[in-house]
Amino acid sequence: EKGTYPHYMLKEIDEQPLVMRKIIQNYQDGEGALEIDSDIVAAMKEADRIYIIAAGTSYHAGLVGKQFIEKLAKIPVEVHISSEFGYNMPLLSEKPLFVFISQSGETADSRQVLVQVKEMGYKALTITNVAGSTLSREADYTLLLHAGPEIAVASTKAYTAQLAVLAILAEVTARGIGHEVDFDLVQELGIVATAMEALCDDKEEFESIAREYLTVTRNAFFIGRGIDFYVGLEGALKLKEISYIQAEGFAGGELKHGTIALIEEGTPVIALATQGFVNLSIRGNVKEVVARGANPCIISMSGLETDEDRFVIPEVHSLLTPLISVIPMQLISYYAALHRDCDVDKPRNLAKSVTVE
Ligand code: F6R
């Protein structure tokens with residue numbers, strides 16, 4: 001039930017800090033250390049390459065998950081769109097492990113790939129919000145998101161839950177292999193939950209950003225580098241699906257290779273700057289678009305901010321920034337849709353789970 005909330009989407013955005021805390025609890029052992037079923041850790045350790053298969057928002061979570069697994073567990077990861085993988089299978093490694101990410105566990109494009117890879121004799125893990133869903137039943141292993149039912153068509157809390165579970169999977173696997181993890185993930189996820197709360201308390205700010213940048217525009221661009229780029233892809237998808245504004249996410253350095261031609265006087269460019277090592281280069285990209293008339297909205301992280309920034313998110317571990325930088329994306333999209341009188345929870349042409357190919 002959405003209770004006093006005007007929309008499920010807003011309720012689900014607000015539930016994210018609580019979901020974080022639930023996930024930490026559900027994946028802790030008696031001593032408080034993070035724990036994952038030993039068969040899953042063994043399958044991860046055996047794999048020479050991990051293939052993440054997903055669609056839409058879950059695919060965007062997979063892109064961030066690749067960073068978690070490669071940085072912590074040091075296993076190479078490929079991320080594939082399920083509808084592409086099914087028809088254009090890449091050359092596989094000798095010992096692949098397939099990881100399906102799906103909120104619903106029912107997405108037909110992903111199911112089709114699961115059937116294919118099971119026929120080829122490979123092992124599969126499904127990360128899903130729905131226990132007993134098709135993708136969970138047909139895979140060898142399941143990790144649950146513990147996000148509670150997600151009703152709004154636009155996925156929000158499932159995305160951050162997917163990221164948290166992927167981070168836990170990466171950390172536990174890393175320790176299982178014997179790689180040192182030089183931070184305490186339980187503590188860092190706790191800091192993330194608190195930062196999420198602060199962002200959810202700042203709704204007027206995001207309403208005013210949406211009003212200022214997105215009330216009349218035809219299009220909008222999201223730029224970032226590294227994991228900020230992946231969050232930009234998700235920000236663009238959120239904005240497109242509920243506000244019908246044409247939006248695209250770009251790697252900051254890629255804009256000048258073509259897309260910059262679309263920048264006109266007033267075009268909104270939402271830039272994410274949460275990564276210290278690319279802070280200067282993303283700000284350089286902002287200057288390039290501003291020189292062509294763009295209306296920049298820089299969202300940076302505390303410690304990296306400058307006077308030109310529109311919003312500064314609280315500081316969290318540099319690997320975990322997508323868990324919180326996505327919240328401004330979700331809330332800005334939500335308010336943009338409201339300001340444009342769109343049906344937030346049930347956007348046109350979309351269904352909650354896509355069970356046809
Ligand atoms: C976007 C959205 C979709 C889904 C996609 C995959 O907000 O909800 O892009 O992420 O259809 O769905 P699942 O995760 O259920 O496989």
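The values are calculated or read from the model by the stated rules, or taken from the named source; none is laboratory data. Since this is a predicted model, take the numbers as computed values, not measurements. In this analysis, Cβ positions are derived from the backbone assuming ideal geometry, glycine residues included, and neighbour counts consider all displayed protein chains. Heads up: the accessible areas ignore ligands, DNA and RNA and are worked out on the full protein's heavy atoms, side chains in. Shrake-Rupley method; radii C 1.70, N 1.55, O 1.52, S 1.80 Å.
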| What is the one condition in (1) within 14 Å of the ligand (Cβ to nearest atom); (2) outside any helix (DSSP H, G or I) that LEU166 does not satisfy? | (2)
| said: Every residue in the stretch 46-95 that is part of a strand (DSSP E or B) and either crowded, with 22+ Cβ neighbours inside 10 Å or of a type in the set (A, V, I, L, M, F, W, C) (or both), please. | reply: ILE50, TYR51, ILE52, ILE53, ALA54, VAL77, VAL79, ILE81
| note | Of the conditions (1) within 22 Å of the chain's Cα centre (by Cα); (2) within 16 Å of the ligand (Cβ to nearest atom), the single one that LEU320 does not satisfy is (2)
| task | Among the residues of the stretch 145-182, write down those that are of a type in the set (S, T, N, Q) and either more than 30 Å from LYS2 (Cβ to Cβ) or open to solvent by 30 Å² or more (accessible area, probe 1.4 Å) (or both). | result | THR173
| remark: Of GLY303, GLY293, GLY258, GLY266, the only residue that is without any contact (Cβ under 8 Å) to a residue 12 or more places away in the chain, more than 16 Å from the ligand (Cβ to nearest atom) and on the phi > 0 side of the Ramachandran plot is GLY258
| request: Report, by residue number, each residue of the stretch 246-301 that is hydrophobic (A, V, I, L, M, F, W, C), in a loop (DSSP other than H, G, I, E, B) and surrounded by fewer than 20 Cβ atoms within 10 Å (Cβ to Cβ). | output: ALA291
| remark: Of the residues in the stretch 323-357 that are among the small types (Gly, Ala, Ser) and within 14 Å of the ligand (Cβ to nearest atom), the one that is farthest from ILE191 (Cα to Cα) is ALA351
| Hey, any hits in the stretch 182-205 for a residue that's under 24 Å from VAL278 (Cβ atoms), more than 20 Å from the chain's Cα centre (by Cα) and among the charged types (D, E, K, R)? | yes
| request: Take the residues in the stretch 24-44 that are open to solvent by less than 30 Å² (accessible area, probe 1.4 Å) and in contact with a strand residue (DSSP E or B) (Cβ under 9 Å, 6 or more places away or on another chain), then tell me which one is farthest from LYS203 (Cα to Cα). | output: ALA43
| message | Residues that are over 30 Å from LEU331 (Cβ atoms) and among the hydrophobic types (A, V, I, L, M, F, W, C): does the stretch 55-73 have at least one? | response | yes
| query | For the stretch 184-198, does any single residue satisfy the condition of being buried (at least 24 other Cβ atoms within 10 Å of the Cβ), within 16 Å of the ligand (Cβ to nearest atom), part of a helix (DSSP H, G or I) and not aromatic (Phe, Trp, Tyr)? | reply | no
| query | Only one residue in LEU114, LEU125, LEU135, LEU92 is modelled with pLDDT of 95 or more, farther than 20 Å from MET20 by Cα, away from the ligand (no atom under 16 Å from the Cβ) and not charged (D, E, K, R). Which one? | reply | LEU92
| Some residue of the stretch 219-226 being β-branched (Val, Ile, Thr), out of contact with any Phe, Trp or Tyr (no Cβ under 7 Å at 6 or more places or on another chain) and either buried (at least 24 other Cβ atoms within 10 Å of the Cβ) or on the phi < 0 side of the Ramachandran plot (or both) | no
| request: Give the residues of the stretch 104-135 that are in a loop (DSSP other than H, G, I, E, B), free of Cβ contacts under 8 Å to residues at least 60 places away in the same chain and either open to solvent by less than 50 Å² (accessible area, probe 1.4 Å) or more than 20 Å from GLY65 (Cα to Cα) (or both), sorted by residue number. | output: GLY105, MET120, GLY121, TYR122, ASN129, ALA131, GLY132, SER133
| message | I'd like the full set of residues that are small (Gly, Ala, Ser) and away from the ligand (no atom under 16 Å from the Cβ), limited to the stretch 210-255. | response | ALA210, ALA220, GLY224, GLY226, ALA251, GLY252, GLY253
